[in-house]
Amino acid sequence: MERTKNYIILVLLIALGIFTWIHFNRVDPEPIVITIPAKEGSTGVVDIDSVPTETVEVPVYLPGKVKEKKVFVVDSLYKDEYEKAVAEKDSLKQKLLFYEAITINEFDDTVIDNDTIKVDLYAKTRGKLLAYKVDYNIKESEFTYTPEVVNVRPPITLLLGVEGMIATEPQLKFDAYLQGQKGHAIGAGVDTQGNYYVGYKHTISFRKKNK
């Protein structure tokens, strides 16, 4: 009787040691750092006006005690047409060229649209918008995440167990259960006194919620 009691205590201590070892030697997944490389691109120079444009510098001396020169970079074609209208004393042509030069124009369009980035460009100009160029640079970025370990039960699990009762007459009980994926288990057992058992068990899982 005393020997059986010692066996029961020994079995329980071994089981407790195994569960303790499994708990403290569990390996948690390490955080993973993912780096997204930088990417850059450009539309290049996109001409809006189909009329070829050449520029010319026009110096203008501002009135005052000290003559100050200011240089304007202008469209040579418009300059020639304006000077021609002045020479011909065509005031209507002069006004049309002047008003065309100061007309408020707006440009609104998607200038870049690819698998990486979409760029919408809006511009408001006094006079025609002749060309545009858009450069972009997506900076390198990174983020860290820790994989979540998901334990899935197999279709059928065999559970073997042993129970000990420490009383006036110590005894051991051995049982075996078949468990499905939903946690339901049915089984049977026998003890050292020759008694037979049938039973049902259900496993409840406690999972950590994602933050």
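The values are calculated or read from the model by the stated rules, or taken from the named source; none is laboratory data. For clarity, every value in this text was computed on a predicted model and none was experimentally measured. When we count neighbours, we look across all protein chains shown, and the Cβ atoms used for this are built from the backbone with ideal geometry, even at glycine.
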Could you say whether any residue in the stretch 110-118 is in contact with an Asp or Glu (Cβ under 8 Å, 6 or more places away or on another chain), surrounded by 12 or more Cβ atoms within 10 Å (Cβ to Cβ) and of a type in the set (Val, Ile, Thr)? yes
Going through (1) at pLDDT 80 or above; (2) part of a strand (DSSP E or B) one by one, Val162 fails only at (1)
Taking the stretch 110-149 and keeping residues of a type in the set (D, E, K, R) and closer than 14 Å to Ser42 by Cα leaves Asp113, Lys118, Asp120, Lys133, Asp135
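In the stretch 91-109, what residues are farther than 13 Å from Arg126 by Cβ and either exposed (fewer than 15 other Cβ atoms within 10 Å of the Cβ) or touching a residue at least 60 places away in the same chain (Cβ under 8 Å) (or both)?
Residues of the stretch 91-109 that are farther than 13 Å from Arg126 by Cβ, as a first pass: 91-97, 108-109.
Scanning the stretch 91-109 gives Ser91, Leu92, Lys95, Leu96, Asp108, Asp109.
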Taking first residues from the stretch 121-135 that are farther than 16 Å from Thr110 by Cα and second residues anywhere that are among the aliphatic types (A, V, I, L, M) and loosely packed, with under 11 Cβ neighbours inside 10 Å, the pairs with Cβ under 7 Å that are 6 or more apart or on different chains are Arg126/Ile102; Arg126/Ile104; Gly127/Ile102
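Being part of a strand (DSSP E or B), at pLDDT 85 or above and closer than 30 Å to Thr144 by Cβ: is that true of Thr110 here? Don't jump to the end; show me each part of the working.
Working: part of a strand (DSSP E or B): yes; at pLDDT 85 or above: yes; closer than 30 Å to Thr144 by Cβ: no.
Considered against the rule, which asks whether it is part of a strand (DSSP E or B), at pLDDT 85 or above and closer than 30 Å to Thr144 by Cβ, Thr110 comes out as no.
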Across (1) over 56 Å from the mean Cα position of the chain (by Cα); (2) in a strand (DSSP E or B), Phe72 clears everything bar (1)
Filtering the stretch 83-105 down to residues that are of a type outside the set (Ser, Thr, Tyr), assigned to a helix (DSSP H, G or I) and out of contact with any helix residue (DSSP H, G or I) (no Cβ under 6 Å at 6 or more places or on another chain) yields Glu83, Lys84, Val86, Ala87, Leu92, Lys95, Leu96, Phe98, Glu100, Ala101, Ile102
